[in-house]
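A.B. asks: Take a look at the following structure, please.
The values are calculated or read from the model by the stated rules, or taken from the named source; none is laboratory data. In this text, all values refer to a predicted model and were calculated from it rather than measured experimentally. So basically every Cβ, Gly included, is an ideal-geometry build from the backbone, and we count neighbours across all protein chains shown. Note: accessible area is taken over every heavy atom of the protein model, side chains too, but ligands, DNA and RNA are not part of it. Shrake-Rupley method; radii C 1.70, N 1.55, O 1.52, S 1.80 Å.
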Amino acid sequence: MNTQDLPEDLFIKDPLKDPLLNLELRISKLLHWGVSCAEALMLLGWITFFDFSENPLLKFQDYKEESLQKSLQSALQDHHWGLLLAYAGLVLLISLPILRVLMTGIFFAKQRNQILALASFFVFVILLFSFTLGI
């Protein structure tokens, strides 16, 4: 089959002029940079958190159960910036899929695809509730 046989409007001459393709491109760039920033924050946090003058794995010999709230409070009080950076990177990494679902819902709404837009927003609300409730 030849491309000359296909309708002309099937191909987009300039993808950046198509607003839906442009939105999808921005979403992919946002996810790319979000993952890169989360990776950098966590790596920097882990590097500064460890004390390399001794065996860094010794801290993991004894497991001490501690709530996230208590861990964050003690990190703030003791100025453990490495741990806080690692947590910030983790929060950023976890929030990216939620943001992706929201932006996909916006994408479908702009396409006037109501069923997929509602499904995306429904999944978004479920994700928010699950993270809020700790499920």
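A.B. asks: Got a number for residues in the range 41-93 being within 20 Å of the chain's Cα centre (by Cα) and of a type in the set (Ser, Thr, Tyr)?
C.D. replies: Going through the range 41-93 one residue at a time, the tally reaches 1.
A.B. asks: Can SER36 be described as in contact with a His (Cβ under 8 Å, 6 or more places away or on another chain), outside any loop (DSSP other than H, G, I, E, B) and either modelled with pLDDT of 90 or more or under 29 Å from PHE129 (Cα atoms) (or both)?
C.D. replies: No.
A.B. asks: Look at the range 102-128 and say how many of its residues are of a type in the set (A, V, I, L, M, F, W, C) and within 17 Å of ASN22 (Cα to Cα).
C.D. replies: Residues meeting the conditions: 6.
A.B. asks: Another question, then. May I ask you to list pairs of residues, at least six apart or on different chains, whose Cβ atoms are under 8 Å apart, with the first in the range 90-101 being free of Cβ contacts under 8 Å to residues at least 40 places away in the same chain and under 20 Å from LEU68 (Cα atoms) and the second being of a type in the set (A, V, I, L, M, F, W, C) and in a helix (DSSP H, G or I)?
C.D. replies: Matching pairs, first to second residue: ILE94/PHE131.
A.B. asks: Sticking with this one: Could you list, in sequence order, the residues of the range 28-56 that are farther than 20 Å from HIS79 by Cα and surrounded by 13 or more Cβ atoms within 10 Å (Cβ to Cβ)?
C.D. replies: Result: LEU30, LEU31, GLY34, VAL35, CYS37, ALA38, GLU39.
A.B. asks: Here is a follow-up. Would you tally the residues in the range 57-73 being surrounded by 11 or more Cβ atoms within 10 Å (Cβ to Cβ) and farther than 24 Å from LEU133 by Cβ?
C.D. replies: 1
A.B. asks: If I filter the range 102-135 down to residues being free of Cβ contacts under 8 Å to residues at least 24 places away in the same chain and among the hydroxyl-bearing types (Ser, Thr, Tyr), which single residue comes out as most open to solvent (accessible area, probe 1.4 Å)?
C.D. replies: Ranking the candidates gives THR132 first.
A.B. asks: Could you tell me which of the residues PHE107, PHE124, PHE131 is farther than 20 Å from LEU30 by Cα, assigned to a helix (DSSP H, G or I) and either touching a Phe, Trp or Tyr at 6+ places or on another chain (Cβ under 8 Å) or aromatic (Phe, Trp, Tyr) (or both)?
C.D. replies: Of PHE107, PHE124, PHE131, the one residue that is farther than 20 Å from LEU30 by Cα, assigned to a helix (DSSP H, G or I) and either touching a Phe, Trp or Tyr at 6+ places or on another chain (Cβ under 8 Å) or aromatic (Phe, Trp, Tyr) (or both) is PHE131.
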